[in-house]
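Bear in mind that the values in this text are calculations on the coordinates, not laboratory data. What you are looking at is a predicted structure, and each value in this text was computed from that prediction instead of being measured. Reconstructed Cβ throughout: ideal geometry from the backbone, glycine too, with neighbour counts over all protein chains shown.
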Amino acid sequence: MAKNRFAQPLYGKIIYIYETNLTMEQLPTIFDPSTYWIDVTCLDCEVGYLVSFKEGVGLVLAPPPNEEYTFEELKAQKLELVDAWTADKITGGFISQCTGSPVRYDSDRDTQNTVSSDLNTIYLSPEKFNENFPNGYPMRGYPENTNIKQVYFLTKEQLLQWNVDLGLHRGTCKQNGWIKQAEVNAATTVEELNSIELEVAK
């Protein structure tokens, strides 16, 4: 049985709770490192709770007011969750075998932006790759079945394949998001909405 509960807030509301045996420090190994988490292990907290931080008090969690939402409002809320879920999937890491073995690399926005900028330089001046990266392009990742990052020095060809794999990862995440959106739009009852699960990225 999971011993820890971590909540993800968005716009002042808890949108996801992750129950796990991992510690807070280990969450970046399976989620985008920029994702903000709140430890609610010993607190009364559920999805939909309101969250705020008050001076002199700290974290304040409260159940949402007893409001009656229309079905269309519930659909809109579910679609917001799907958007957040899709974004987390995209930035939560991906597998590439560009070095010959499966490695889980980061795909957070900073990593994507940095590599994209460097790739533009490589495409424009490919002959400068060895000059700029004599030991290879440094990229950190998790080897298969481990949660300890290692540094890989990618050749130009490996880096280009890494970028292809990242693009395929983004495309797959977006397609899965579109499928979930279609399920939400096709739902005709609250029960059908609630049955649409947004599983955790692994």
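Annotations
- Top of PRO65, PRO33, PRO102 by mean-square fluctuation, Gaussian network on the chain, Cα under 10 Å: PRO65
- Ranked by the mean number of other Cβ atoms within 10 Å per residue, highest first, peptides 17-29, 185-197 order as 17-29, 185-197.
- Positive-end residue, the chain charge dipole about Cα centroid, Cβ charges, pick of ALA62, ALA84, VAL190: ALA84
- Rounded to 0.05, the FRET efficiency of the GLN26 and TYR123 pair, given R0 = 35 Å and the Cβ-Cβ distance, is 0.45.
- Separation of the LYS54 and GLN181 label points, Cα + 7 Å toward Cβ, nm: 3.9 nm
- Over 21 Å (Cα to Cα) - which of LYS3/LYS78; LYS3/LYS89; LYS13/LYS75; LYS75/LYS174; LYS3/LYS174; LYS3/LYS75 fall in this group: LYS3/LYS78; LYS3/LYS89; LYS3/LYS174; LYS3/LYS75
- Taken over the stretch 109-172, the ratio of Cα radius of gyration to 2.2 N^0.38 Å equals 1.17.
- From its DSSP helices (H runs of at least four residues, each -39,500 (n - 2.57)), the chain gives a residue-normalised ellipticity at 222 nm of -12500 deg cm²/dmol.
- Residue among LEU154, LEU124, LEU79 with the largest mean-square fluctuation in a Gaussian network model of the chain, springs linking Cα atoms under 10 Å: LEU124
- Charge dipole (Cα centre; +1 on Lys/Arg Cβ, -1 on Asp/Glu Cβ; no other charges) of the chain amounts to roughly 600 debye.
- Label-to-label distance for ASN194 and ALA76 is 2.2 nm, based on points extended 7 Å past Cα in the beta-carbon direction.
- Taking 14 Å as the straight-line reach from the Cα of LYS156, the aspartates and glutamates in range (excluding those fewer than 8 positions away in the same chain) are ASP118, GLU127, GLU131.
- Where trypsin sites (Lys or Arg not before Pro) fall in DSSP loop in the stretch 37-95, at most 13 other Cβ within 10 Å: none
- Options (1) 240; (2) 135; (3) 160 - which one matches volume of the Cα convex hull per residue in Å³ as calculated here: (3)
- Degrees between helix 156-186 axis and first principal axis of the chain (Cα, 0 to 90, nearest 10): 20 degrees
- Among GLY56, GLY93, GLY48, the largest mean-square fluctuation in a Gaussian network model of the chain (Cα springs under 10 Å) belongs to GLY56.
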